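The values are calculated or read from the model by the stated rules, or taken from the named source; none is laboratory data. Since this is a predicted model, take the numbers as computed values, not measurements. Here the Cβ is made from the backbone with ideal geometry for all residues, glycine too, and neighbour counts use every protein chain on show. Quick note on the areas: whole protein, heavy atoms, side chains included, nothing else; ligands and nucleic acids left out. Shrake-Rupley method; radii C 1.70, N 1.55, O 1.52, S 1.80 Å.
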Amino acid sequence: KGGDEARVQPNEDRFTMGYHGNKIHLESMIPRITDAINAIAAQRPILLKCIYNVKELGRSRRIDRALKCDVQHIQYSEEAYTALGDCHLGLMPQLIPIQRKNLVHWVGSTLLRRNNEEKSDYFLRFKPTTNIGRLLVFAQMKIPVICDLAPSTAHIIENNVSGYLAHHTAAWAHWLEKAADDGNDLRIIGDNLFQLFQNKFHPKKQNQALLK
């Protein structure tokens, strides 16, 4: 199922978000993204649904400790994706956390800041295999997504039109709050993301492109 058939009327008494992927990406949200979630959780009831391999990897206690909202841990399976149907928003962390950022900044800077380096400069670390696969699951269900600033998503998503792009905690908090406050705008962005999938990434479109 896809589009409206895959959607379930969300519970309007709380804001429901979804994640699917591996446990590493889930825990990489700490603290950069979890702090943003906690900021809006202080204002309204939040539920985060997390689909990953709970059975083999164990429940993420780190996520439980980091978040001040309800968290549902769901065992990965093909059928499990139906649990995302009532989500207002999808989350797509893609970046690998950088430890000791101050040291990395110092080692990576030129002497006397010849390149105008600043402590606020972005450091983006991601795997060469980073791709939009997880995004397309949400797209088929008309669920808008906040994505990290990885090249694959930044190439596809038009910010605030077919999704949201964020890096720093403040940016994640901004888009989370906007998404939670404006259900109509959220539906429009979900529809735009679905059309993007239909026009460019539907299997029929991909097969046609392959045969050209």
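With respect to the numbered conditions (1) in contact with a Lys or Arg (Cβ under 7 Å, 6 or more places away or on another chain); (2) farther than 19 Å from GLU27 by Cβ; (3) of a type outside the set (Asp, Glu), which one is the sole condition not fulfilled by ILE98? Here ILE98 clears every test but (2).
Would you mind stating whether ASP185 is out of contact with any Asp or Glu (no Cβ under 7 Å at 6 or more places or on another chain), open to solvent by 60 Å² or more (accessible area, probe 1.4 Å) and either part of a helix (DSSP H, G or I) or β-branched (Val, Ile, Thr) (or both)?
Numbers: out of contact with any Asp or Glu (no Cβ under 7 Å at 6 or more places or on another chain): yes; open to solvent by 60 Å² or more (accessible area, probe 1.4 Å): no; either part of a helix (DSSP H, G or I) or β-branched (Val, Ile, Thr) (or both): yes.
Criteria not met by ASP185.
The one condition from (1) open to solvent by less than 40 Å² (accessible area, probe 1.4 Å); (2) under 20 Å from PRO144 (Cα atoms); (3) modelled with pLDDT of 95 or more that PRO45 does not meet is (1).
Considering LYS127, LYS200, LYS212, which residue is over 17 Å from the mean Cα position of the chain (by Cα) and farther than 26 Å from ALA83 by Cα? Break it down stepwise before answering.
Values: LYS127 fails: over 17 Å from the mean Cα position of the chain (by Cα); LYS200 fails: farther than 26 Å from ALA83 by Cα.
Step by step, each of LYS127, LYS200, LYS212 is checked, and only LYS212 is over 17 Å from the mean Cα position of the chain (by Cα) and farther than 26 Å from ALA83 by Cα.
Scan segment 159-182 residue by residue and report those that are part of a helix (DSSP H, G or I) and either open to solvent by 10 Å² or more (accessible area, probe 1.4 Å) or among the polar types (S, T, N, Q) (or both). Across segment 159-182, the qualifying residues are THR169, ALA170, ALA171, ALA173, HIS174, TRP175, GLU177, LYS178, ALA180, ASP181. Just to be sure, is LEU136 out of contact with any Phe, Trp or Tyr (no Cβ under 9 Å at 6 or more places or on another chain) and in a helix (DSSP H, G or I)? So LEU136 does not fit the description; no.
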